[in-house]
Amino acid sequence: MPQMTDELPSSTRPRTPPHLPSAVSLVGFMGAGKTTIGQALAAKLGWRFVDLDDLIVKRGGRTIPEIFQQDGEVAFRDLEQQLLQQAIRPSQAGGAVLSLGGGAFIDNTNQRLLRENEIPAVFLDAPAEELFRRCEESGVVRPLLSDHDCFSALYEQRRPAYMNAAYCIQTAGREIASIVDEIISRLGLDANSGASK
């Protein structure tokens, strides 16, 4: 006689819902729209928006170009990593969209910090020509932006690191609302609640 067990057949066992993120990070090159899209995404999910560059300016008491010029890029990246570490923990607790500066995700330690804390990275991608045009139109001074050739070379240098992100979203020629909806769908989240669908 077959032995009785308490196990249910695999087809009838209750399924554990997939892990849903309590925070998400937006990464990409300058001009990718991380701040604009991040603010719209946070508003739709009812989450907080945290801009890492804003935290750096607040802590450093200077603009990012000034920090680059006066302290150098190494000191800037050290401060950036320190503030990312500080931003991660409260973001997990309350639900937040983190916008990372263009060079932050290039650092392997920063990528590891996000992975270990289960914060998926979303790469907002667009052709270099489109990103350069957006930067020119914004009028914002960029420390590493000098001319188109230099811009394109830096973009090509960084893009392989961006491709390590959990998700890649194409943004060229698209409305912000469409991009936000795709991010929410890819993450399996429900707008206005941050809960699963």
Neighbours by Cβ (under 6 Å, 6+ apart or cross-chain): first from segment 140-160, among the β-branched types (V, I, T); second at pLDDT below 90: V141/P65
Residue in segment 6-13 that is at pLDDT 90 or above, among the hydrophobic types (A, V, I, L, M, F, W, C) and out of contact with any strand residue (DSSP E or B) (no Cβ under 8 Å at 6 or more places or on another chain) present: no
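Examine segment 129-145 for a residue that is among the β-branched types (V, I, T), under 24 Å from P65 (Cα atoms), modelled with pLDDT under 90 and out of contact with any strand residue (DSSP E or B) (no Cβ under 7 Å at 6 or more places or on another chain), and state whether such a residue exists. Even if it seems obvious, please write down each step before you answer.
Just the residues of segment 129-145 that are among the β-branched types (V, I, T), to begin with: 140-141.
Keeping just the survivors that are under 24 Å from P65 (Cα atoms) gives 140-141.
With the extra rule that they be modelled with pLDDT under 90, the set shrinks to 140-141.
The next check asks that each one be out of contact with any strand residue (DSSP E or B) (no Cβ under 7 Å at 6 or more places or on another chain); those that pass are 140-141.
Scanning segment 129-145 turns up at least one residue that is among the β-branched types (V, I, T), under 24 Å from P65 (Cα atoms), modelled with pLDDT under 90 and out of contact with any strand residue (DSSP E or B) (no Cβ under 7 Å at 6 or more places or on another chain).
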Members of segment 45-74 that are among the aliphatic types (A, V, I, L, M), within 21 Å of the chain's Cα centre (by Cα) and under 27 Å from L154 (Cα atoms): V50, L52, L55, I56, V57, I64
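How many residues are touching a residue at least 60 places away in the same chain (Cβ under 8 Å) and surrounded by fewer than 17 Cβ atoms within 10 Å (Cβ to Cβ) if we restrict to segment 74-93?
Residues of segment 74-93 touching a residue at least 60 places away in the same chain (Cβ under 8 Å): 88, 91-93.
Still in the running and surrounded by fewer than 17 Cβ atoms within 10 Å (Cβ to Cβ): 92-93.
So the count comes out to 2.
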Segment 164-190, residues that are crowded, with 20+ Cβ neighbours inside 10 Å and in contact with a Lys or Arg (Cβ under 9 Å, 6 or more places away or on another chain): I169, V180, L189
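For segment 100-112: of the residues being of a type outside the set (F, W, Y) and touching a Phe, Trp or Tyr at 6+ places or on another chain (Cβ under 7 Å), which is farthest from Q39 (Cα to Cα)?
Within segment 100-112, the first condition is being of a type outside the set (F, W, Y), and the residues that meet it are 100-104, 106-112.
Still in the list and also touching a Phe, Trp or Tyr at 6+ places or on another chain (Cβ under 7 Å): 102, 111.
On the way: G102: 17, Q111: 22 Å.
Ranking the qualifying residues of segment 100-112, first place goes to Q111.
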Candidate set: segment 21-44, residues that are within 21 Å of E118 (Cα to Cα) and part of a loop (DSSP other than H, G, I, E, B); chosen: the one nearest to the chain's Cα centre (by Cα): G28
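Given the options L124, L113, L100, name the one that is farther than 27 Å from D181 by Cβ and crowded, with 16+ Cβ neighbours inside 10 Å.
Sole residue among the options that is farther than 27 Å from D181 by Cβ and crowded, with 16+ Cβ neighbours inside 10 Å: L113.
Answer with yes or no whether V122 is of a type in the set (V, I, T), touching a Ser or Thr at 6+ places or on another chain (Cβ under 9 Å) and not in a loop (DSSP other than H, G, I, E, B).
Details: of a type in the set (V, I, T): yes; touching a Ser or Thr at 6+ places or on another chain (Cβ under 9 Å): yes; not in a loop (DSSP other than H, G, I, E, B): yes.
Answer is yes for this residue.
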Candidate set: segment 76-115, residues that are hydroxyl-bearing (S, T, Y) and assigned to a helix (DSSP H, G or I); chosen: the one farthest from the chain's Cα centre (by Cα): T109
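Name the single residue, out of those in segment 44-73 being among the hydrophobic types (A, V, I, L, M, F, W, C) and touching a residue at least 60 places away in the same chain (Cβ under 8 Å), that is nearest to I184 (Cα to Cα).
To start, the set of residues in segment 44-73 that are among the hydrophobic types (A, V, I, L, M, F, W, C) comprises 45, 47, 49-50, 52, 55-57, 64, 67-68.
With the extra rule that they be touching a residue at least 60 places away in the same chain (Cβ under 8 Å), the set shrinks to 45, 47, 64, 68.
On the way: L45: 8, W47: 12, I64: 30, F68: 34 Å.
So, considering only residues that are among the hydrophobic types (A, V, I, L, M, F, W, C) and touching a residue at least 60 places away in the same chain (Cβ under 8 Å), the one nearest to I184 (Cα to Cα) is L45.
The values are calculated or read from the model by the stated rules, or taken from the named source; none is laboratory data. Given the structure is predicted, the values throughout are model-derived calculations rather than measurements. Please note: Cβ atoms are built from the backbone with ideal geometry, for glycine as well, and neighbour counts cover all protein chains shown.
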